[in-house]
């Protein structure tokens, strides 16, 4: 056999080639081929994404339905959309929770509510 007819040697690590829209061939990079700093960046971004998802799901589960914009059942699958889902829920899906002061003020039977009721009655008499 001549050199032209010799079978081509095969590489033991075959990597499929990807053709770009311009028709150029390029090989895919694997995680192991990345620079060590880029590996750390990719892992950090992945951990941040998972932490954001866990925080958003925990918030959705703990938050009463009246403090969620829209049905809670609709927000759960929406959070599966990469990073956009949890960020959208945290930015637009939550109603502000009442502050401790608002809760104390609204609670019937508390000393503050009784005092406000008495002072409110006194003020209404003065304004008449």
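The values are calculated or read from the model by the stated rules, or taken from the named source; none is laboratory data. Quantities reported herein were computed from a predicted structural model and do not represent experimental measurements. Reconstructed Cβ throughout: ideal geometry from the backbone, glycine too, with neighbour counts over all protein chains shown.
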Practice task
Mind counting the residues in the stretch 65-82 that are surrounded by 13 or more Cβ atoms within 10 Å (Cβ to Cβ) and outside any helix (DSSP H, G or I)?
Solution key: 2
Problem - Filtered residue count, the stretch 53-64, keeping only those that are surrounded by 10 or more Cβ atoms within 10 Å (Cβ to Cβ) and assigned to a helix (DSSP H, G or I) - result: 8
Problem - Residue pairs meeting the criteria (Cβ under 8 Å; at least 6 apart or on separate chains; first free of Cβ contacts under 8 Å to residues at least 12 places away in the same chain and assigned by TED's automatic domain parsing to the domain that holds residue 89, in the stretch 29-54; second surrounded by 11 or more Cβ atoms within 10 Å (Cβ to Cβ) and part of a helix (DSSP H, G or I)) - result: 31/39; 31/42; 34/42
